[in-house]
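The values are calculated or read from the model by the stated rules, or taken from the named source; none is laboratory data. Source: prediction; values computed, not measured. Cβ sites come from the backbone with ideal geometry, for glycine too, and all protein chains shown count toward neighbours. Keep in mind that these areas ignore ligands, DNA and RNA; they rest on the heavy atoms of the full protein, side chains included. Shrake-Rupley method; radii C 1.70, N 1.55, O 1.52, S 1.80 Å.
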Amino acid sequence: MYHRMLVPLDGSELAETVCIYAKELAGRLDLDVILLHVGNPSTQGIVPMELAYIDHMAETVSRQIRDVQKATDGEQKSKPVKVSGELAVGYSAEEIIRFADDNSVDLIVLASHGRSGIKRWTIGSVAGKVMSATTIPVWLIKAGAPVDTPYDKWPSKTLIVPLDGSELAESVLPHVETLAKQRGPEPVEVVLVRISEIMTIPTYYSPDISGVSLNWGNILQEETIRRKAEAKKYLEEIEKRFKQGKINVKSVVIEGKPNDEIVEYANKIPFSMIIMATHGRSGLSRLVYGSVAANIIHGVAGPILMIKPQ
């Protein structure tokens with residue numbers, strides 16, 4: 001599914017956090033890598049320091065990828081991976097999107113912050129603009145988040161997949177399968193998560209039931225049980241697909257609000273990442289960037305792979 005990865009860098013240590021993830025992904029999935037540095041348009045060209053920086057980073061990442069391939073090679077032999085450094089001049093978000101579109105990129109790995117911390121690459125700035133404008137999957141790394149163990153040292157990997165029953169949300173499943181089958185000695189587990197929202201008593205009675213005494217406690221309890229059973233059955237069907245591909249998978253139904261419960265669940269699992277669609281049920285009404293997805297982006301400490309359904 002993935003062939004070429006784009007890794008934007010701005011010269012900061014915060015942005016370079018993504019290289020830990022990029023070299024692991026490229027080495028485990030045999031992906032070619034393009035490192036892109038966007039120069040300031042006010043300089044009216046590329047300065048020698050920027051050229052030296054991106055060349056150095058390309059050499060470093062290339063060497064790290066070869067090390068990963070050697071360490072993860074098993075029955076499935078790795079293929080040579082090409083790593084290149086590229087320079088562009090302009091405004092970061094626009095140039096990242098343009099370069100990705102022009103160079104057959106199918107995965108962008110991007111830090112949530114860049115130079116000077118929150119003053120540069122912040123959600124709502126470069127990373128936010130890229131995620132909103134591109135149809136290419138974006139793996140967002142929460143640079144600066146407190147992580148005890150870097151990605152290349154994770155003893156296990158858990159892929160958390162929020163689903164709401166819609167085809168749009170399910171569009172992430174091929175991506176999950178690809179990442180679940182990455183080479184490496186660490187076990188990879190897929191966790192399918194569906195939130196069963198809590199029922200509440202209506203604030204008014206409709207004319208059809210006026211004058212009728214209803215036991216809302218029993219009605220809400222029965223409806224809650226029905227919804228949770230429906231969610232469990234739905235996830236079990238998705239589980240079968242992964243088990244047929246010999247992928248370690250389980251499903252979890254949680255009662256509550258989607259954004260709160262997904263964030264809480266993910267933050268309890270130290271070695272995890274979320275894979276989710278930017279749109280869910282009824283298009284823009286549910287798992288949409290700016291709503292549930294945005295809350296999850298801001299709330300979780302681990303990486304998130306955001307996929308915009310086509």
Q. If we scan segment 40-58, do we find a residue that is touching a helix residue (DSSP H, G or I) at 6+ places or on another chain (Cβ under 6 Å) and surrounded by 14 or more Cβ atoms within 10 Å (Cβ to Cβ)?
A. no
Over segment 247-299, the set of residues part of a loop (DSSP other than H, G, I, E, B), over 21 Å from Leu168 (Cβ atoms) and either modelled with pLDDT under 90 or acidic (Asp, Glu) (or both) is Gly256, Pro270
- Task: Answer with yes or no whether Ala58 is of a type outside the set (Phe, Trp, Tyr), free of Cβ contacts under 8 Å to residues at least 40 places away in the same chain and either closer than 24 Å to Pro185 by Cβ or part of a helix (DSSP H, G or I) (or both).
- Result: yes
Residues of segment 1-38 being among the β-branched types (Val, Ile, Thr) and either open to solvent by less than 10 Å² (accessible area, probe 1.4 Å) or modelled with pLDDT under 95 (or both), in sequence order, are Val7, Thr17, Val18, Ile20, Val33, Val38
- Task: State yes or no: is Asp101 modelled with pLDDT of 90 or more and at positive phi?
- Result: no
Considering residues that are exposed (fewer than 15 other Cβ atoms within 10 Å of the Cβ), part of a helix (DSSP H, G or I) and in contact (Cβ under 8 Å) with a residue 12 or more places away in the chain, the number found within segment 72-106 is 1
Taking segment 221-259 and the residues there that are touching a strand residue (DSSP E or B) at 6+ places or on another chain (Cβ under 9 Å) and among the acidic types (Asp, Glu), the one that is surrounded by the most Cβ atoms within 10 Å (Cβ to Cβ) would be Glu239
